[in-house]
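The values are calculated or read from the model by the stated rules, or taken from the named source; none is laboratory data. None of the values given here were measured: they were computed from a predicted structure. All Cβ positions, even for glycine, are placed from backbone atoms using ideal geometry, and neighbour counts span all protein chains on display.
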């Protein structure tokens, strides 16, 4: 199963140094039944893109919680055995229609050898990512202007990098 693990650049550096992501369980995003129903598509590539975007939002939340983190979202795409993934119970859609969609837990540490690619914001996204991270709390409380700012971060496509390029990303 392909999973998308949200990180920050500093957490990517730690994982690279250790050769693995941990400790377990790891929060990740994948194409879950609830994500399929919410996205209303049978196209696997579209569904995986939706799961990647869910992980990118989770990365933004990690950035918001770490004032010292670089203002660039980071998502690792990894292939893990289906048995290593536990689907999270989906949240009540009436209470929180999008929270938790696609969220899974990966049992055990995730060796970087299982990582297929790294997705990272380009440098020109930093100002919008910083603004989005700052606005997250207000957006969660229903502020429409803050939600617009957070949604604006999605205008920046994450760039694809091979795992061999990680040293250049964390330098």
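Scanning the stretch 24-42 for residues that are in a loop (DSSP other than H, G, I, E, B) and farther than 12 Å from residue 3 by Cβ yields 24, 40, 41, 42. When residue 33 is tested against (1) at pLDDT below 90; (2) within 16 Å of residue 119 (Cα to Cα), exactly one condition is not met: (2).
In the condition set (1) in a loop (DSSP other than H, G, I, E, B); (2) at pLDDT below 90; (3) farther than 22 Å from residue 125 by Cβ; (4) under 15 Å from the mean Cα position of the chain (by Cα), residue 98 is compliant with all but (3). Looking across the stretch 47-67, the residues that are farther than 25 Å from residue 33 by Cα and touching a residue at least 60 places away in the same chain (Cβ under 8 Å) come down to 63, 64. If you go through the stretch 43-66 and keep only what is part of a loop (DSSP other than H, G, I, E, B) and out of contact with any helix residue (DSSP H, G or I) (no Cβ under 8 Å at 6 or more places or on another chain), you end up with 43, 65. Among the residues making up the stretch 134-160, those that are assigned to a helix (DSSP H, G or I), surrounded by fewer than 19 Cβ atoms within 10 Å (Cβ to Cβ) and in contact (Cβ under 8 Å) with a residue 40 or more places away in the chain are 134, 137. Only one entry in 131, 69, 125 is at pLDDT 90 or above, in contact with a helix residue (DSSP H, G or I) (Cβ under 8 Å, 6 or more places away or on another chain), part of a loop (DSSP other than H, G, I, E, B) and more than 22 Å from residue 1 (Cα to Cα), namely 69. Considering (1) at pLDDT 95 or above; (2) surrounded by fewer than 19 Cβ atoms within 10 Å (Cβ to Cβ); (3) in contact with a helix residue (DSSP H, G or I) (Cβ under 7 Å, 6 or more places away or on another chain), the lone condition that residue 119 does not fulfil carries the number (2).
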